[in-house]
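Beneath this line is the structure, given in structure tokens, with notes to follow.
The values are calculated or read from the model by the stated rules, or taken from the named source; none is laboratory data. Owing to the predicted nature of the structure, the values given are computational and were not obtained by experimental measurement. Cβ placement follows ideal geometry from the backbone for every residue including glycine, while neighbour counts extend to all protein chains displayed.
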Amino acid sequence: MFKKIFKYFTTDDILKGLSIAILLSSFIYFSYINLENKIINTIFGLLGLYLLIGEKNKVWFWSGFFIALLWFWWILLSFRFYDMAWAIPIGTFMVLLVYGFIFWFFAFLSSKLSKTTNIPISIFHAFFIFGFSYIHPFEFDWFKPELVFVDSFIGITKWQFAIVLSAIVLSKISNKLIFLCLVIFAYSGSIVNQKNDEIEKIKLVTTDISVDDKWQEAHQDTMFKIFFAQIDKAIAQKKKIVVFPESVFPLFLNLEPKLLSMLQQKAKKIDMVVGALYWDKHIPRNSTYVFSNNKIMVINKAVLVPFGEANPLPDWLGKYINKIFFKEGVIDYVASDKIINYKLDGKNIRNAICYEATSEKLYRDGPKHMIAISNNGWFLPSTEPTLQKLLLKYYSKKYGTTIYHSINMSPSYIVRNGEVSYVK
């Protein structure tokens, strides 16, 4: 048994897997350093897929392992704030193993099917790569292979990705690279965004408050004064809507009548979208408060962060894990059973709180406008805000959604037709 395991630890296989992972992850790091070159991203994406398709099972395992490392190494950084920094390397390693095993299983299944049917293994490899974006370990759906082309000359829709994979398979089977020219039919085209006066009506507030400071009561008065000053500034700028990040008011706002009254007074002059908590009959919720037309609308988060806000494990196991890792156990947030829109300035707005904005569930009916609010302080310093931005570009391109994103500890921006505009 050990001999079989040790066969996976050959330098050649590990280096091949690492090289493929680097090629299929480089677009994240180019974006992180603001070097988004469509030519480089196109070449690296195609080369990474070309090298992966047709490779042996061991290389697929290491490719999945290192892709998970380069895409998601930051995934457990929030544990620092729960005095559980010791669990970060252990949990991260488990995530890498999960993705490595999934890749290996696809490769193993492909080899078995190929031997049984005499169909080239490249076809099965391409089929599984195509379907990977529908597989969500622990309900976490941030790995989408076609995302590597979000800043390239190749489109990100499924039919365009199918053309790319077909071109690679044909070139592999025939040993003729000329078939790679077929990827030209997956060209994404170019979109020129016209000036949009509607964008000028919205003020997206960026805050810079660490997680430690955010939840300390001693800092709240100072923070709240800054927030109200931002509202006054938006009013002076003649904005129609002002948007604040997720849980910018780190308390159960519905239990704070004085603060609610102050916000309602400001809402007479400007519509407001504010992140805060909501206490719902002994159930804590992560919510958006919308102040408009002398009314308050509370919209609860519908898609919760796996392990961060809710435990995706079965109830009995989730409660057991919570009791082990948290001294007195914890109460998970509870998700809303509905995805909600609200109206501002005559437009239907899709509500999205942080992780929700990167979930395909919120886009399937093609919303035209989305206001997203996030707190990226949990994962900084890391590439998490970069991958988040790339996913929003992906969904904006795919569904034609204009996304207004207000963020804590990262610059706020607007995504329109897959293009990002940062706001001051």
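Structure values in brief
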read-out	value
Strands (runs of 3 or more DSSP E) wholly inside region 383-424 that include at least 1 residues being within 23 Å of residue 211 (Cα to Cα) and among the polar types (S, T, N, Q)	402-408
Any hit, region 67-84, residues being over 22 Å from residue 163 (Cβ atoms), among the small types (Gly, Ala, Ser) and not assigned by TED's automatic domain parsing to the domain that holds residue 385	yes
Of all residues making up region 280-307, the number that are at pLDDT 80 or above, of a type in the set (Val, Ile, Thr) and surrounded by 18 or more Cβ atoms within 10 Å (Cβ to Cβ)	4
Flag for residue 21 being in contact with a Ser or Thr (Cβ under 6 Å, 6 or more places away or on another chain), closer than 24 Å to residue 180 by Cβ and modelled with pLDDT of 95 or more	yes
Residue in region 126-146 that is in contact with a Gly (Cβ under 7 Å, 6 or more places away or on another chain) and surrounded by 18 or more Cβ atoms within 10 Å (Cβ to Cβ) present	no
Counted residues, region 236-255 - those being surrounded by fewer than 15 Cβ atoms within 10 Å (Cβ to Cβ) and not in a loop (DSSP other than H, G, I, E, B)	2
Residues that are at pLDDT 95 or above and of a type in the set (Ser, Thr, Tyr), drawn from region 93-135	99, 110, 111, 114, 116, 117, 122
Answer residue from region 24-55, given it is under 20 Å from the mean Cα position of the chain (by Cα) and aromatic (Phe, Trp, Tyr) and is farthest from residue 180 (Cα to Cα) among those	32
Which listed residue, of 335, 310, is touching a Gly at 6+ places or on another chain (Cβ under 9 Å), at pLDDT below 80 and within 18 Å of residue 357 (Cβ to Cβ)	310
Given (1) more than 28 Å from residue 274 (Cα to Cα); (2) among the hydroxyl-bearing types (Ser, Thr, Tyr); (3) assigned to a helix (DSSP H, G or I), index of the condition residue 152 fails	(3)
Index of the failed condition, residue 423 passing every other in (1) modelled with pLDDT under 95; (2) touching a Leu at 6+ places or on another chain (Cβ under 6 Å); (3) buried (at least 22 other Cβ atoms within 10 Å of the Cβ)	(3)
Selection within region 370-382 - under 25 Å from residue 277 (Cβ atoms) and not in a helix (DSSP H, G or I)	370, 371, 372, 373, 374, 375, 380, 382
